[in-house]
Amino acid sequence: MLRTKQISGDLLKLQKEIQGYADDYGLDYFPQVFEMCDYDTINILAAQGGFPKRYPHWKFGMDYDQMSKGYRYGIQKIYEMVINSDPCYAYLLEVNNWLDQKLVMAHVYGHNDFFKNNMWFSNTNRKMMDVMANNGSKIRRYMDLYGVDRVENFIDQVLSLENLLDINHLFETSEVVQSRKEKEKKFLEEQDNGGYLVDDRSQALKSFMRSKSRSENDRSTDENSHENDIEIMAEKNVVKGQRDILKFLIEFAPLEEWEANIIGCLREEAYYFLPQRITKIMNEGWASYWHSTIMNNKAMDSSEFIEFADKHAGVMAMSKQQINPYKIGIELFRDIEFRWNTGRFGKEYNECTNMVEKENWDLKTNQGREKIFTLRKSHNDISFIDEFLTPEFCNRMKIFTYKYNPRSKRMEIDSRDFAAIKQKMLTQLTNFGSPVIEIEDPNYKNRKELLLTHVHYGVDLDMEFAAKTLNNLFKIWKRPVNIATKYEDKEVILAFDGKEMKAVS
Amino acid sequence: MDHPIKRDHARFKKIVKGKLRDNLRKYISEGQQIIPKGSDQFKIPMPSIDIPRFKFGDKSEGGSGQGEGQEGDPVEGQPGEGEPGQGEAGEGEGKKELEVEMSVDDLAQILGDELELPKIEPKGKNKLSSTVDRYTSIGTVGPDSLKHLKRTYKEALKRQVSMGVYDPKNPHVVPIRKDFRYRSADTKIEMENAAVVIYMMDVSGSMGEEQKEIVRTESFWINLWLKSQYKDIEIRYIIHDATAKEVDEDTFFRTRESGGTLISSAFKLCKQIIETDYNPAEWNIYPFHFSDGDNWSADDTKTCLQLLDDFLLPCSNMFCYGQVESRYGSGQFYKDLSQKYGSKHDDVILSKIKNKDAILDSIKEFLGKGK
């Protein structure tokens with residue numbers, strides 16, 4: 001069932017042309033494949049996160065429903081979609097006109113270059129299409145074996161926890177894991193060889209514990225050892241502070257094999273998408289910078305100018321409710337290019353107090369292009385904003401922060417102060433916009449209850465959602481689950497024991 | 001083969017239906033939420049079915065935006081002011097309303113399941129007949145547009161084989177005039193059943209907006225159920241104070257008169273309508289009467305009971321009376337009816353509707369008999 005087809009003829013010629021421009025500018029990309037599809041197909045693909053084959057789940061159906069309606073009623077239209085893979089696949093919409101296709105192609109080369117070069121993507125699986133398809137057939141097989149409802153319900157529960165990831169795992173390559181394991185082993189051996197623990201427990205207890213921990217490897221499927229694992233882990237404080245909740249559950253929750261496998265699949269997919277979530281501003285900014293540069297300087301025909309301006313402006317529209325990543329991204333890249341072209345950086349410039357001199361500062365350093373090429377390799381949104389956001393830029397972009405005013409019951413503009421804006425933006429980007437949740441104690445109250453901590457940076461959790469999420473977590477952990485957080489400045493522990501939800505303060 | 005996402009889509013729709021079933025009581029008591037769209041489709045607004053996650057509360061989070069404005073100016077723009085083009089307006093915006101579409105049959109089925117409504121056994125079945133043409137057979141004559149190529153070639157092949165001119169090595173099959181086959185229609189007689197619902201409502205001063213709202217909601221669901229049970233359904237509306245007149249749907253729910261109340265006037269008009277338009281032997285007739293229970297005189301009530309006994313009851317499937325509680329209504333008519341017919345009488349169904357929350361139970365009382 002082939003729903004997309006590779007482009008040919010004039011479009012292929014166009015691709016060659018755009019690719020030539022990309023080469024001229026020094027973009028470094030994976031082989032690029034463009035496929036053409038109709039609007040229904042692009043809705044399907046968009047609903048499935050860009051991938052032609054996913055596991056069966058109703059949420060894809062829901063997204064598809066909304067996308068098709070959005071398209072039918074003319075509310076939204078998907079221009080393009082590009083997948084982080086090698087070769088890099090991108091989809092073009094059949095009904096788009098020539099200018100659209102040109103613009104999209106130029107934009108896609110920007111994304112492609114970013115995927116290939118940004119270090120946060122360096123460990124993503126570039127054959128993810130195959131992995132997704134395999135996960136799909138694996139889960140389909142489980143559905144045949146254990147029933148569609150059962151498997152789908154379990155997926156619902158896991159998806160509830162899908163955002164509890166640890167971005168440090170993006171650099172967890174197999175070599176890193178290997179070397180860490182070796183170190184751990186060495187440490188344990190040292191303990192065995194008369195290495196002593198600095199506590200005052202009896203020698204007998206220590207050796208008992210050691211024998212337990214040794215046996216955990218070869219008896220990991222055993223029910224008893226599972227419980228012992230938890231005790232040992234709690235004892236050693238090994239899992240405390242772990243943010244990769246899904247991995248923790250795979251290792252320590254009482255799961256059947258297929259359940260653990262499904263968590264594994266979904267975790268893999270979640271980590272694949274994670275780099276895109278932490279580089280939204282940069283990625284879109286970079287791609288927009290290049291479509292704008294390529295179109296303006298090379299690819300555009302003079303007759304297309306007005307339409308291009310209109311399309312570009314539509315993409316760059318500012319919104320009062322939220323920062324448009326395309327807009328902030330492209331402007332920040334341009335700002336950086338300008339600053340490094342004119343030498344407006346470093347001690348001398350920063351400490352200059354003569355405003356006239358500062359305004360006309362130009363050392364003709366011309367390092368702008370080079371600078372942005374370098375930083376697109378190493379930064380993510382947080383470090384990008386942290387390092388390059390300037391008061392002048394915020395002023396020019398008319399950025400403000402807003403907050404809820406309980407008296408008037410509406411969102412109101414709060415501040416245009418640079419420090420406040422930067423603080424707000426960074427807070428929102430922290431941990432890809434999700435609350436930071438850590439494992440606190442897998443043997444809470446010494447009853448194998450699970451205690452999580454929400455590391456509170458000033459924003460409360462949505463309590464209704466938290467309660468529902470705990471409910472799902474309980475179904476996986478199968479013992480009472482708790483989360484410690486703050487609500488309206490009070491410390492609370494939200495506890496769910498399978499029957500009722502309690503807030504203990 | 002369809003794309004697998006269609007299966008995900010079907011599953012999603014099933015979940016939506018389940019959601020709707022769980023919240024049916026809320027939908028019904030809040031009325032007005034279900035918007036008819038076209039002749040047999042409805043649009044139902046529904047809060048998005050989110051997968052619960054640990055996430056930040058909307059209000060304490062706040063955010064940052066771009067644009068003009070002083071400190072303290074409201075940020076909430078018009079919903080359409082989001083990002084046009086490629087931007088994903090909506091991500092992190094929270095409450096997105098989901099709109100689902102549903103057919104009459106699906107919606108009625110949910111209502112039926114929830115209330116455990118029995119299927120209606122229509123009377124007068126096989127009385128009305130209509131003919132339907134279905135292209136189920138094959139003929140030797142017909143227009144080119146109905147030519148059945150496969151059958152035609154089969155005939156040609158048979159003829160060639162039997163005449164010995166068919167050569168398997170050079171399998172040319174050429175149909176001639178008498179090989180041609182055409183799709184042809186079979187005429188079938190289909191039995192139909194038809195129903196008429198006659199709504200009568202007291203629009204005198206004592207019936208307020210809230211009472212009418214209840215009647216409107218209730219009639220919507222009753223119509224829906226009956227529509228799913230009968231092939232053809234007609235709906236007539238009668239309003240009355242001291243006199244009665246027939247009106248259209250819109251007027252029915254809008255009119256407010258200030259006069260007194262003579263219920264018999266409506267019953268008389270109802271009788272007249274049935275006599276002129278609907279032969280009780282062929283039609284399933286459902287008279288519904290809604291009032292707050294006030295009637296001017298005991299004499300008039302007597303006339304009403306007389307009319308019911310002599311004409312309305314014998315010719316209808318059932319007679320339903322819904323008494324909507326109002327501050328001014330005495331509720332006397334309900335007492336009179338229940339005194340006469342009690343709860344044993346199958347053809348007269350009485351229901352008291354206290355408030356919007358009672359609508360669902362009242363619908364069950366009316367339709368629970370399966371008549």
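Quick note: the coordinates plus some simple rules give every number you see, no bench work behind them. Quantities reported herein were computed from a predicted structural model and do not represent experimental measurements. Neighbour counts are summed over all protein chains in view; Cβ atoms, including those assigned to glycine, are modelled from backbone coordinates with ideal geometry.
Observations on the model:
- Taking every lysine pair in segment B:128-189 that is 8 or more places apart or spans two chains, those with Cα atoms closer than 18 Å amount to 8.
- Within segment A:473-503, trypsin sites (Lys or Arg not before Pro) in DSSP loop having at most 12 other beta-carbon neighbours inside 10 Å: A:K499
- Whichever aspartates and glutamates have a C-alpha closer than 15 Å to that of A:K403, once near sequence neighbours (fewer than 8 apart) are set aside: A:E412, A:D414, A:D417, A:D460, B:D58, B:E61, B:E71, B:D73, B:E76, B:E93
- Once the Cα atoms are used to define both axes, helix A:174-192 deviates from the longest principal axis of chain A by about 30 degrees.
- Helix A:280-294 axis, angle to chain A major axis (alpha carbon atoms, nearest 10°): 20
- Once the GluC sites (Glu not before Pro) in DSSP loops with at most 14 neighbouring Cβ atoms within 10 Å are cut out of chain A, the longest remaining piece is A:257-487.
- Shape of chain A, Cα gyration tensor, a/c cut at 1.5: prolate
- Normalised by the number of residues in chain A, the average gap of Cα pairs under 8 Å and 6 or more apart makes the relative contact order 14 percent.
- Its Cα gyration tensor gives the protein assembly as shown an equivalent ellipsoid; the semi-axes, largest first and in whole Å, are 61, 40, 34.
- Exposure rule at most 10 other beta-carbon atoms within 10 Å, DSSP loop chymotrypsin sites (Phe, Trp or Tyr not before Pro): chain A longest free segment: A:197-505
- Using the rule -39500 (n - 2.57) for each DSSP H run of four or more residues, divided by the residues of chain A, the 222 nm mean residue ellipticity is -17000 deg cm²/dmol.
- Given charges at beta-carbon only (K, R positive; D, E negative), |dipole| of segment A:332-477 in Debye: 400
- Set of lysines with alpha-carbon distance to A:K478 below 22 Å, sequence-local pairs under 8 removed: A:K240, A:K247, A:K445, A:K448, A:K468, A:K499, A:K502
- Residue mean of other protein chain beta carbons inside 10 Å, A:51-58: 4
- Pairs beyond 19 Å (Cα-Cα), from B:K17/B:K43; A:K327/A:K422; B:K245/B:K268; B:K19/B:K354; B:K119/B:K369: B:K19/B:K354
- Debye equation applied to the C-alpha atoms of segment B:128-189, log10 I(q)/I(0) at 0.13, 0.16, 0.25 Å⁻¹: -0.44, -0.58, -0.97
- Straight-distance crosslink candidates among aspartates and glutamates, where the alpha carbon sits under 16 Å from A:K186 and sequence neighbours closer than 8 are dropped: none
- Assuming charge only on the beta carbon of Lys and Arg (+1) and of Asp and Glu (-1), the dipole of chain A about its Cα centre is about 500 debye to the nearest 20.
- Taken over segment A:243-355, the convex hull of the Cα atoms encloses 223 Å³ per residue.
- According to the Kirkwood relation over distinct C-alpha pairs, the hydrodynamic radius of segment B:194-367 is 15.9 Å.
- Considering only alpha-carbon pairs that sit under 8 angstrom and 6 or more positions apart, the relative contact order computed for segment A:435-504 is 26 percent.
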